[in-house]
Amino acid sequence: MLSFVLRRVPSLITVLFVSSVIAFLLPRLAPGDPAITIAGPDAAPATVAAVRAQLGLDRPLPSQYLSWLHGLLTGDLGTSFTTGRPVAELIGDRLGSTVQLAAVAAVLMSLLGIGLGVLGGAPRGGLGRAATDALSGLLLAAPPFLTGLLLILALGIAFPVLPVSGEVSLLADPVIGIQYLILPALALALPQAAAIGRLVQTEMRRNRGEEFVDLAVAKGLTPAAITRRHVLRTSLATGVVAIGLRLGELLAGAIVIEAIFARNGLGALAVASMQSRDYLVVQVLIVTAVAVAAILQIITELVLAVLDPRIRLGAR
Amino acid sequence: MSSLSPHVTRRLVLGSGASAAILAMTGCRSAVGKPAASAGPRRGGTLQLAASADAQPGAVMANRAGNWMWRRLVFEPLAEVDDKRVPQPVLAKNWTFNAARTELVIELRDDVTFHSGRAMTADDVVYSLQQVQNAKNASQLVAVAKKLISITATGSHQVTVTLAQPSDSLFDLFDLTPIVDKDTFAKIADGSSVIGTGPFVWKQWRPKAGISLARNPTYRVADRPYFDAVEISVITDPTALQSALRGGNAHLANGLTSADIKTLRSDPAYALENAGGVFYPLGLNVTQAPFDKAEVRQAVGYALDRARIKTQVFGGDAMTTDLWWTPTEAGYPNDLATRYTMQTDKAKALLAQAGATGAKVPIAFANLPTMQSLFEIVRFNLEQIGLVAQAVALDTTEFDARQVAGTLGPAFLLLHGMVGFSAATIVDAMPSLKTGNPSRYADPRYDTLKAGLQQADDAGRPKALSDLSSFMLDAAFSHITAVAPQYHVRTAKLAGIKTVSLGSIVATDAYLAG
């Protein structure tokens, strides 16, 4: 396992280096200037030029990039142009919010996804199957922002049982914190869960036609035992791959969900920083997102190998 | 397993256990509990505000939307100009002009302390006014402040300012300028040291997320403020802003869309706070064809269907006028406010006379819903008279950058939240009109008329304003398309709150009523 991880290191470094170049250039390609945000649209060009010089934005791009890369490698992420605060502090303050949202959403996504898959993949009558197909189809079709708005209308405004705006950290107050998390996590998880459910359901239905299931039936096992012991386990590998891939999508979806539910996570920080052209914050967030996606991919491969003995980490 | 009765399945046990756990975890305390309210003013509680833009402590000297929710809670000005444009003292006790109105002696309150515990003195007032003169601090009134040729502490609680010429803008300057702590102002930009004299103390700034304020226990007004704390959340998404209000997580919000405001206006659970207003001018660059000819610029004025703009863009909640001044201005020339009533034939004739029929006109605007709707009507109107209007929709940041660089092109739609300033201040502060405006319009006669207005006394102001207005209407380098109010929306239970200084809120007397 260690050698497998070590073999992934060079490609991981390459990916991170390329993404650092893209992360540096992309925000600068967008029109606009952080100096305008600071000086204001009414400012004289000389005032804006002075602010640009103060921020170091008048230096050549390669010089700016190398300074940033050096800081990144030495743990100095720089200072936000628009707030004057260290980028590490800004990101650190928001990290907990996004991690909590993504973690709860990931748990819900996994449970609901596999649950929906089992419901759809278990032998049942035509009506039951049609109902589960319709439910997963509906969830699949509804994007997170729509699900979020419907949840806000239903459970936040029409029947106000859960908060729909803001957040309380789980670490500060778990009881209140979880209430703030339920609706955004659900909105984020439901469409992804439906997609995972579809994959698991298809795999389970396919596995039901395999000979080992016929053998289990012949042995006299109950349908529930066959589903649990034989069909589900062999079908889960597909679900695990899907969960691993969709963890990254959860983080992407968090940008929209954080905006709708007024949560102050990394997604909201990314949007606000891009709007004010706060380059250094955007750059670090992009590189971090790429690093998280790459690491999740490696972890998924490791989990897959544990679940399915046919997959060997050392295989080329 | 066998101990379970045939009717109590494992599934039932697991389900019941999970439900009980969830109930135990979430049912004890609810995050959607209603705050206690009372019939009259009551001490305690937290005022929850939702701001559509992040705070910019470094720009506290300027009027920025991100500072509206906290600026007047933490800081106070020397005076504020009321609805009738009469200055009322805040940190100043009183003031006296000399006969020529070129020297003003301000007596300060002697019971004011900063949140640091230090007493406010005349030196702090001198320092604060000097900061406005520094362009780095981004005040819209830098030109007004620069007219103060001396600002002197003539006593521990007395300040004397002198001007080369009388100015009608002084109290707009005093209203917009917060009195800051001279010892800590240099560290204000990163939010680490935001020290004012107001009813609330700056506790914590979570950039792009929110601000926490606490009650100032030594505030100079006894038993005020009522609230113990203020929590300001930055919510940039309009839908989330409305959810925060409706879900009870905000008592007051700014930056809601006009559609949401229209819906909430008819709901008795909410009330609108008038937060000044916005001028929407169509600027024309006099150095670029076809607007280098006055006839073409005037033709545009006659082409605009302001009544339609009022109805379709602002849902009827706007004022149609050709003037750049607030109608409450003393001497407001009503007879000139409709100079450019829509006359398509006259506009066509002017255009033909200038030989500009068929000219292509790119119009730049910030890509915001209101500006898009405004552009569509302007485009239709210009095409009616024979101009070919083209959209140049820009991201707000790029629009601002081009405005600063003076590269918006021959025509552009702007917005200025300056309803409430005096005309004398507006000519110096409004980007469309001030020296170095994006229309590149400059004329010594224009400067003379502006100076005449700023130096006029009460008796002479109507004529000065009329003369300047008439000249500007003829020059036609900027056409007002509408003047629309802007609102903060509050829950009806929030009482005692008021809005001043072009949108800033004051919560000294605010409380939650029953």
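The values are calculated or read from the model by the stated rules, or taken from the named source; none is laboratory data. Here the structure is a predicted model, which means the values were calculated and not measured. Note that we place each Cβ from the backbone using ideal geometry, even for glycine, and neighbour counts take in every protein chain shown. Ligands, DNA and RNA are excluded from the accessible area calculation, which covers all protein heavy atoms including side chains. Shrake-Rupley method; radii C 1.70, N 1.55, O 1.52, S 1.80 Å.
Structure notes:
- Filtered residues of the stretch B:359-369 (kept if outside any loop (DSSP other than H, G, I, E, B) and touching a strand residue (DSSP E or B) at 6+ places or on another chain (Cβ under 8 Å)): B:360, B:361, B:362, B:363, B:364, B:365, B:366
- Lone qualifier among A:213, A:175 - being part of a helix (DSSP H, G or I) and touching a Lys or Arg at 6+ places or on another chain (Cβ under 6 Å): A:175
- With respect to (1) away from chain A (no Cβ under 14 Å); (2) touching a Leu at 6+ places or on another chain (Cβ under 8 Å); (3) surrounded by 19 or more Cβ atoms within 10 Å (Cβ to Cβ), the lone exception for residue B:284 is condition (2).
- Within the stretch A:272-283, being in contact with a helix residue (DSSP H, G or I) (Cβ under 6 Å, 6 or more places away or on another chain) and either surrounded by fewer than 22 Cβ atoms within 10 Å (Cβ to Cβ) or closer than 20 Å to residue A:247 by Cβ (or both) holds for one residue alone: A:274.
- The lone exception for residue B:405 - which of (1) more than 11 Å from chain A (Cβ to nearest Cβ); (2) among the hydrophobic types (A, V, I, L, M, F, W, C); (3) surrounded by fewer than 17 Cβ atoms within 10 Å (Cβ to Cβ) it fails: (1)
- Any chance residue B:379 is open to solvent by 60 Å² or more (accessible area, probe 1.4 Å), in contact with a strand residue (DSSP E or B) (Cβ under 7 Å, 6 or more places away or on another chain) and more than 14 Å from chain A (Cβ to nearest Cβ): yes
- Verdict on residue B:233 being more than 30 Å from residue B:122 (Cβ to Cβ), surrounded by 19 or more Cβ atoms within 10 Å (Cβ to Cβ) and either within 14 Å of another protein chain (Cβ to nearest Cβ) or among the basic types (Lys, Arg) (or both): yes
- Among the residues listed as B:78, B:49, B:73, the single one being within 14 Å of chain A (Cβ to nearest Cβ), within 30 Å of residue A:39 (Cβ to Cβ), in contact with a strand residue (DSSP E or B) (Cβ under 9 Å, 6 or more places away or on another chain) and modelled with pLDDT of 95 or more: B:49
- Test: residue in the stretch B:182-200 that is over 25 Å from residue B:50 (Cα atoms), aliphatic (A, V, I, L, M) and within 14 Å of chain A (Cβ to nearest Cβ): yes
- Looking at B:203, B:187, just one residue is farther than 22 Å from residue B:491 by Cβ, modelled with pLDDT of 95 or more and open to solvent by 60 Å² or more (accessible area, probe 1.4 Å), and that residue is B:203.
- Which numbered condition residue A:83 fails, given (1) within 12 Å of chain B (Cβ to nearest Cβ); (2) farther than 28 Å from residue A:273 by Cβ; (3) not in a helix (DSSP H, G or I): (2)
- Residues of the stretch A:1-36 satisfying the condition of being at the interface with chain B (Cβ under 7 Å from one of its Cβ atoms) and in a helix (DSSP H, G or I): A:36
- Test result for residue A:130, open to solvent by less than 40 Å² (accessible area, probe 1.4 Å) and under 30 Å from residue A:227 (Cα atoms): no
- Any helices (runs of 4 or more DSSP H) falling wholly within the stretch B:206-318 and containing at least 2 residues that are hydrophobic (A, V, I, L, M, F, W, C) and under 24 Å from residue B:64 (Cα atoms): B:238-246, B:258-265
- Residue A:75 part of a loop (DSSP other than H, G, I, E, B), farther than 23 Å from residue B:193 by Cα and away from every other protein chain (no Cβ under 14 Å): yes
- Among the residues of the stretch A:201-245, the ones that are touching a residue at least 40 places away in the same chain (Cβ under 8 Å) and closer than 28 Å to residue A:291 by Cα come to 9 in all.
- The set of residues in the stretch B:287-308 being crowded, with 22+ Cβ neighbours inside 10 Å and either within 19 Å of the chain's Cα centre (by Cα) or more than 17 Å from residue B:342 (Cα to Cα) (or both) consists of B:290, B:291.
- Single match in A:187, A:154, A:134 (criterion: away from every other protein chain (no Cβ under 14 Å) and assigned to a helix (DSSP H, G or I)): A:134
- The listed residues are B:130, B:88, and the only one of them that is open to solvent by 40 Å² or more (accessible area, probe 1.4 Å), under 25 Å from residue B:404 (Cα atoms) and not aliphatic (A, V, I, L, M) turns out to be B:130.
- Within the stretch B:430-446, residues that are within 22 Å of residue B:277 (Cβ to Cβ) and more than 14 Å from every other protein chain (Cβ to nearest Cβ) sit with their Cβ atoms under 6 Å from residues that are in a loop (DSSP other than H, G, I, E, B) and open to solvent by less than 10 Å² (accessible area, probe 1.4 Å), at 6+ positions apart or across chains, in these pairs: B:439/B:285; B:439/B:477.
- Selection over the stretch B:187-205 of residues that are under 23 Å from the mean Cα position of the chain (by Cα) and outside any loop (DSSP other than H, G, I, E, B) gives a count of 4.
- Flag for residue A:256 being modelled with pLDDT of 80 or more, open to solvent by 50 Å² or more (accessible area, probe 1.4 Å) and more than 20 Å from residue A:201 (Cβ to Cβ): yes
- Test for residue A:147: is it open to solvent by less than 30 Å² (accessible area, probe 1.4 Å) and in a loop (DSSP other than H, G, I, E, B): no
- Residue B:295 being within 23 Å of residue B:481 (Cβ to Cβ) and acidic (Asp, Glu): yes
- Members of the stretch B:341-358 found to be within 17 Å of residue B:282 (Cα to Cα) and assigned to a loop (DSSP other than H, G, I, E, B), listed by number: B:341, B:342
- Qualifying residues in the stretch A:158-184 (those that are more than 9 Å from chain B (Cβ to nearest Cβ) and touching a Gly at 6+ places or on another chain (Cβ under 8 Å)) - the one surrounded by the most Cβ atoms within 10 Å (Cβ to Cβ): A:184
- Residue within the stretch A:88-105 that is facing chain B (nearest Cβ under 9 Å), more than 20 Å from residue A:248 (Cβ to Cβ) and open to solvent by less than 50 Å² (accessible area, probe 1.4 Å) present: yes
- Single condition residue A:79 does not satisfy, out of (1) of a type in the set (Ser, Thr, Tyr); (2) closer than 17 Å to residue A:192 by Cβ; (3) open to solvent by 60 Å² or more (accessible area, probe 1.4 Å): (2)
- Meets criteria (crowded, with 21+ Cβ neighbours inside 10 Å and over 30 Å from residue B:360 (Cβ atoms)) for residue B:487: yes
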